[in-house]
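Enquirer: This is the structure, below, for whatever I ask next.
Read-outs: derived from the displayed coordinates by stated rules, not from any lab. Not measured: the values here are computed from a predicted model. Note that each Cβ is placed from the backbone with ideal geometry, even for glycine, and that neighbours are counted across all protein chains shown.
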Ligand code: SF4
Ligand code: SF4
C-alpha cells in the first residue's frame, strides 16, 4: 500500500518499437520485490468465459510466469468459479473452458489451479477491517489456494462492466479471489427485483435459476430470498423483462466490491502487485459474450503496488484516448461508466477511503 503523497504507476505504451516481451520485463522489475525466492505466487487471471475472444491473451500471462520464475518464485495461474451458471460454474468446467481459451499447464509451463475448489466454496473467512457507506460486509471468504499463496501478482484485462462500469484490478481482487458465498454477498447489493405485474408465469426463470430459488405459485414467479444468491442469471432471460435492477444497485455494488477487495488484500501486506492490460477495451466484461467492439484503441500495460492508483491511471489513459467510431458521440471522462450507466469512480473512491491506496499517482513511462 502506498505511503507517500503520490503512488508510483509504471506504464509501457503500445505502439513503440519494443514488443510486450521487453515491456513486461521492464515493468516487472518495478514490482518484482513482492516475490521472494521460493514463494508460491498466485497469478490471478480471468481466463475468459466460453465464447469470449478479448480476454487476456495466454502469451501475456506466460511471460509474467516466466519472469516470476526468473526471480525464484513458483507461480501458479489461478481464478475462481463463477456465481452464475455458464461454463465456469465448477472447477472442472472452468478448466475445460480455460483449455479451450488457451490456458493449460503445457501452454503456460505453469500449473493452472481453480482456487475455490470443485464447487466454489473452499476458502476461509477473513475480516474486512473497516466499513463505510453503510456497507454490511464485515468479512469475505478468500479462496483457499489464493489464501495459501505467499504472494500474488494480479493480472487484469481492463474493460467495461455492466454493473460496476469498468472491471479493473479492484474488481479482479474483490470478486475473483473469493468463494461463491462472498460473490453472492457482493451481488446482494444489486440483486434484481421482480415486477409481478409483468410476470406471465411461463416458468423459464424457474428452470434457469442455478440455486433453485424460484418457483411458480398461483401462476406467478416467487423467489425464496434465502436461497437466492443475487447471481442475476434471471435478470436478462425473462421474456417479459419482469426482473429489473433497483435504483442505486450499480453504485452499491461498487462499494461492496471495494470492501471485499480490502478483506482479500489484508492477507497480502507488501506481497501483492497489480498489472493492468489496457487493451481490447470492450464495453462489457470477459464473462459476457459477445463483449462488444472496443471503445478506444489499445493503450498499453500499467504496473503498480497500489490497486487504487493503477485503476485510476488506467481510466485516465482511456479518457485521454480518442473513442472509436461507434462511441465518438460520447463526451465523458468516464466513458466505460457512461456506457454502463454508472459512475465508475465510486469503486475507486471507496477503495481509497478504505485505505487500499490513493488516487494521486505519478505515471512513469517506460519505453
Ligand atoms: S421468466 Fe419472467 S414471465 Fe416467466 S415466470 Fe419468470 S418472471 Fe415470470
Ligand atoms: S433468483 Fe436469485 S439465484 Fe436465481 S437466478 Fe435470480 S438472482 Fe440468481
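Enquirer: Under the rule a/c < 1.5 gives rounded, and otherwise a/b versus b/c splits prolate from oblate, where does the stretch 1-55 land using the Cα gyration tensor?
Expert: oblate
Enquirer: Given springs between every Cα pair under 10 Å in a Gaussian network model of the chain, which of 329, 233, 157 has the largest fluctuation?
Expert: 329
Enquirer: Let me ask something else. From the helices alone, meaning DSSP H stretches of at least four residues, give me the mean residue ellipticity at 222 nm for the chain, per-run term -39500 (n - 2.57), in deg cm²/dmol to the nearest 500.
Expert: So the calculated ellipticity at 222 nm is -8500 deg cm²/dmol.
Enquirer: Classify the stretch 301-364 as rounded, prolate or oblate from the Cα gyration tensor: take a ≥ b ≥ c as the square roots of its eigenvalues, call it rounded if a/c is under 1.5, otherwise prolate when a/b beats b/c and oblate if not.
Expert: oblate
Enquirer: Does the chain classify as rounded, prolate or oblate by the C-alpha gyration tensor (a ≥ b ≥ c root eigenvalues; a/c under 1.5 gives rounded; else a/b over b/c gives prolate, otherwise oblate)?
Expert: Since a/c reaches 1.5 and a/b is larger than b/c, the shape of the chain is classed as prolate.
Enquirer: Also, quick follow-up: Sort 102-114, 175-187 by the packing proxy (mean of other Cβ within 10 Å over each peptide's residues), most packed first.
Expert: 175-187, 102-114
Enquirer: Going by average Cβ neighbours within 10 Å, how do the peptides 61-72, 36-47, 219-230 rank, with the highest at the top?
Expert: Per-residue Cβ counts within 10 Å, averaged per peptide and sorted highest first, yield 36-47, 61-72, 219-230.
Enquirer: Kindly put 305, 330 in sequence by how many other C-beta atoms sit within 10 Å of each C-beta, fewest to most.
Expert: Ranked by crowding around the Cβ, least crowded first: 330, 305.
Enquirer: At q = 0.23, 0.26 Å⁻¹, what is the log10 ratio I(q)/I(0) for the stretch 192-245, with the Debye formula run over Cα points and no solvent?
Expert: With no solvent term, the Cα-only Debye profile gives -0.80, -1.06.
Enquirer: Hey, another quick one. For the chain, modelled as a GNM with alpha-carbon contacts under 10 angstrom, which of 345, 60, 155 fluctuates the most?
Expert: 60
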